[in-house]
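Written out below as structure tokens is the structure these notes cover.
The values are calculated or read from the model by the stated rules, or taken from the named source; none is laboratory data. Small disclaimer: the values here were computed from a predicted structure and weren't measured. Backbone-built Cβ (ideal geometry, glycine too); neighbour counts: all protein chains shown. When the accessible area is computed, the model is the full protein with side chains, heavy atoms only, and any ligands, DNA or RNA have been set aside. Shrake-Rupley method; radii C 1.70, N 1.55, O 1.52, S 1.80 Å.
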Amino acid sequence: MGNGFDFSVERLAGTGVPGGKAPASESGRYTGQSDGTDLNVGHYKRSPQHGGVNVPLQNGIGAGTFYLETFGCQMNEHDSEKVAGVLLARGYTQVERTDEASVILYNTCSIREKAAQKVFSRLGEYRTTRKEGQVIGVLGCVAQQEGEDIFERAPWVSLVCGSASYRKLPELLAQLEAGGKRITGLDLDTDETFETEITRRDNPWRAYLTIIEGCDKACSYCVVPYTRGPERSRASASVLVEVRQLADMGYTEVQLLGQTVNSYADPSARRMRFSELLEAVAEVAGIRRVRFTTSHPRDFGKDIVEAIETVPGICEHVHLPVQSGSTNVLRAMARTYTRDEYLEKIALLHGSKRRISITTDLIVGFPGETEKDFKETLSLLDAVQYDGAFSFKYSPRPNTPSLKMDDAIPEEEKSRRLATLMEKQREIQRARNERLVGETVEVLVEGKSKRENQWSGHTSSNKVMNFTSPEQKLLGHYVQVRVTGASPNSLIGEHTKV
Ligand code: 5AD
Ligand code: SF4
């Protein structure tokens, strides 16, 4: 993480779920708006304390220091913010370099094979470089998936903990501090969510908060139900308390997170629907923008579109992964909807009074995907006119039903389909963004370029806007910007004073 704002499209395209971080992937590509922020400004500052952290000080390692690196999606990024909060509350201090840290933690992703491989190659580096006394821990999806096997592959690892066990972290840390060598937290069987009093937030403008963890959907290609466990929602009152705290801290934008955020089911007697929760969050004094990701098409209904229409604070953007435009492939993927049913949800969005931007995730080369199936995905792009899409080559994953499916598509063919898909989507985005030239839109200013008078931020529709303004103090402010130019991934504009 750097402290500057990076304007390059390459960098922007590296981040993930629109409005957040993409699942880390070399095979997946983003053709769309993205979270342009790469800021690392902790809101939570704490003076270093080392009481209770029993790690020796040596070889340049600071006692009670931790290094935490995150791979993968926005959910992982936010889990890391909470993990860092737990460690800070215990008296640890965070360091930027592994060679200074007494505890080195990797919060990992296993959604595609390359993401998981990256974790093992990173761990492999410690075979020779690990310093005496350093504790190395693996958190997140690879931890859950590989479990204790990690100790065999990398015997220098002392902690393996999946995300469904994070609520036990203080206990696991205590065992480590007491000298424990092979500590695990691998329980999946939980109805609890991970709530902490302190979250060390990295993004100074947009605060993320998880409202539902896990996934019950069982798509045939996906590891998430195995790595993150069953769906469990936080009580609406607890979510709203956190939003009020965030508003008091000065945040004006919040993003509600969940693998299937709109499957939210309030466990409290209040039984607030997801769309009601969106409205309630937007009503909190001081909150100006509410975002949410990722929505599952099956649970996406009219009430959500109506909430966006009636409450201006709910951002005009929906991330609605389709995965494929072919009903046959959708059936094999166990996505629980057909192409036509998905298009009915899109019709709700297209018919809205507000111009809601739509983004998606797509997988090419699923086992048995024919040329005809692939063409149906291409034609779906025409029908929907997405504002952004994350496209991935199918990656066979352990334990998933699709692993055993026949008719694997050769790697070169997957690459060809991915390139064709991305090229088409790029042109759709170019045309969509060009249509905005001449309009004036509201932007939350999140970054300042090294170049004079150059600023950047996001529109309500989550498009990246790079614009000029002679003003000096714009960070964190909402400004009106006239669109003067467009590319597939971002808009160019000029600050207009009203
Ligand atoms: N192969 C390729 N892409 C995958 N995704 C999930 N599992 C796989 C897999 N096995 C993609 C889906 C999902 C996004 C987060 O990652 O598109 O929406
Ligand atoms: Fe994976 Fe499907 Fe759940 Fe999304 S909805 S996390 S793709 S199983």
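Some observations on this one:
- Qualifying aspartates and glutamates (Cα of each under 16 Å from Cα of K393; at least 8 residues distant if same chain): E26, E113, D361, E369, E371, D373, D407, E411, E412, E413, E423
- Looking at the chain alone, DSSP beta bridges between its own residues are antiparallel in about 35 percent of cases.
- Region 154-277 - Debye-derived log10 I(q)/I(0), Cα point model, q = 0.16, 0.19 Å⁻¹: -0.91, -1.13
- Note that region 300-359 carries a Kirkwood radius of 12.3 Å, evaluated over its alpha carbons pair by pair.
- Taken per residue, the accessible surface of the chain reaches 39 Å², heavy atoms only and a 1.4 Å probe.
- Extension gain (nm, one decimal) between V311 and R153, 0.36 nm per residue minus Cα-Cα: 51.7 nm
- Across all Cα atoms of the chain, the radius of gyration (one decimal) and Dmax (whole number) stand at 22.3, 64 Å.
- Per-atom-type breakdown for region 111-261 gives carbon and sulfur 46% of the accessible area (1.4 Å probe, protein chains only).
- Computed P(r) (all Cα pairs; region 288-333; 5 Å bins; percent): 5, 19, 25, 20, 12, 10, 7, 3, 0
- Q385-T496 FRET efficiency (beta carbon distance; Förster radius 30 Å; 0.05 resolution): 0.65
- Built from the Cα atoms of region 341-401, the convex hull projects on average onto 5.2 nm², one quarter of its surface area.
- For the chain, the Cys residues with no second cysteine's beta carbon closer than 4.7 Å are C73, C109, C141, C161, C215, C315.
- Portion, in percent, of the accessible area of region 333-385 that falls on carbon or sulfur, probe 1.4 Å: 55
- Rule-of-thumb Rg ratio for region 301-460 [Cα; 2.2 N^0.38 Å; N residues]: 1.20
- Estimated purely from DSSP H runs of n ≥ 4, each contributing -39500 (n - 2.57), the mean residue ellipticity at 222 nm for the chain is -9000 deg cm²/dmol once divided by its residues.
- Listed by chain and number, the lysines placed with their C-alpha closer than 30 angstrom to that of K353 are K21, K302, K345, K424, K463, K497; residues fewer than eight positions away on the same chain are left out.
- Virtual paramagnetic centre 7 Å along Cα→Cβ of D407, amide N under 19 Å, in region 309-351: 323-340
- Ratio Rg/Rh [Cα only; Rh per Kirkwood] for region 76-154: 0.96
- When Rg and the Kirkwood radius Rh are both evaluated on Cα atoms of region 372-441, their ratio Rg/Rh stands at 1.11.
- Note on region 292-394: antiparallel DSSP beta bridges, both residues inside, total approximately 0 percent of the bridges counted.
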